[in-house]
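The values are calculated or read from the model by the stated rules, or taken from the named source; none is laboratory data. Small disclaimer: the values here were computed from a predicted structure and weren't measured. We place every Cβ from the backbone using ideal geometry, glycine too, and count neighbours over all the protein chains shown.
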């Protein structure tokens, strides 16, 4: 059962495997005690205020696209300062023949203008996220962030996943379109639940792009780094269109039923810019 809506103020799969060419991904993982993403900070182009921008901060919402559950609230502003994304165990998406479910926002919109990530640009994207204990790592895919190219519906390119191997659950930043979908970095999920944490991405868009990922166990610039890693030759092409980020919960229902339960995820303090 979903937790009551409240202010947590303490507070297809068209992965174009044919594109998975012999570009060799080279992960570099740093000591989380001493390292963090060192990308230059640019003036944010995207910095939505949930209280005033609401869902206009995104290009759109993808949830219950067949309108099977019109009584449910899927994505909305909660408490005036963050976005809440709900999902239920019996939700089903229109893709995949009924084998998956989706509650996602797509894109970045600032003052009515859609922000687009293009080849050659380096973007920094950061946000704070709250994952409850009911949001489990799964044996099949669970994306809570992904990047795609709209015109071709290609990707996911880079993702943030909740994975499981036996009893061990992981937060995994992945070069999903590269051969083998390798981890850019992975870390234990358990210590990052039931609190606000900070996510930081640095993405250079292109067929041979780069990706760096940092997760901080808390909020603010002094919050300790739980994990950091980077990778070169990452497949993130705009394909003549643009790359668009997505947030929420997109997961296979072919994982254990004990992991596909009613849950939610919260986001706040979104920021994005490119050099």
> Which numbered condition trips up residue 124, out of (1) on the phi > 0 side of the Ramachandran plot; (2) in contact with a strand residue (DSSP E or B) (Cβ under 9 Å, 6 or more places away or on another chain)?
Replying inline: (1)
>> Suppose the filter is surrounded by 19 or more Cβ atoms within 10 Å (Cβ to Cβ) and under 26 Å from residue 222 (Cβ atoms); does residue 192 pass it?
In response: yes
> Any residue at all in segment 249-266 that is at positive phi and in contact with a strand residue (DSSP E or B) (Cβ under 6 Å, 6 or more places away or on another chain)?
Replying inline: no
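Here is a yes/no grid of residues against (1) touching a strand residue (DSSP E or B) at 6+ places or on another chain (Cβ under 8 Å); (2) surrounded by 14 or more Cβ atoms within 10 Å (Cβ to Cβ); (3) outside any strand (DSSP E or B):
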| residue | (1), (2), (3) |
| --- | --- |
| 73 | yes, no, yes |
| 76 | yes, yes, no |
| 80 | no, no, yes |
| 84 | yes, yes, no |
| 90 | no, no, yes |
| 94 | no, no, yes |
| 102 | yes, yes, no |
| 105 | yes, yes, no |
| 109 | yes, yes, no |
> Out of all the residues in segment 219-254, which are over 19 Å from residue 188 (Cα atoms), assigned to a loop (DSSP other than H, G, I, E, B) and modelled with pLDDT of 95 or more?
Replying inline: 237, 238, 239, 240, 241, 242, 253, 254
>> Just to be sure I understand the filter: pairs with C-beta atoms under 6 Å, separated by 6 or more residues or on different chains, first member in segment 176-199 and on the phi > 0 side of the Ramachandran plot and modelled with pLDDT of 95 or more, second member part of a strand (DSSP E or B) and surrounded by 16 or more Cβ atoms within 10 Å (Cβ to Cβ). Which pairs pass?
In response: 181/174
> Name the residues in segment 255-275 that are in a loop (DSSP other than H, G, I, E, B) and surrounded by fewer than 21 Cβ atoms within 10 Å (Cβ to Cβ), would you?
Replying inline: 255, 256, 257, 258, 261, 262, 275
> Does residue 216 satisfy the condition of being closer than 21 Å to residue 105 by Cα, buried (at least 19 other Cβ atoms within 10 Å of the Cβ) and either modelled with pLDDT of 95 or more or under 13 Å from the mean Cα position of the chain (by Cα) (or both)?
Replying inline: no
> Is it fair to say residue 24 is at pLDDT below 50 and on the phi > 0 side of the Ramachandran plot?
Replying inline: no
>> Among the residues that make up segment 103-113, is at least one of them within 12 Å of the chain's Cα centre (by Cα) and on the phi > 0 side of the Ramachandran plot?
In response: yes
> What's the number of the condition residue 48 fails, among (1) part of a loop (DSSP other than H, G, I, E, B); (2) closer than 30 Å to residue 232 by Cβ?
Replying inline: (2)
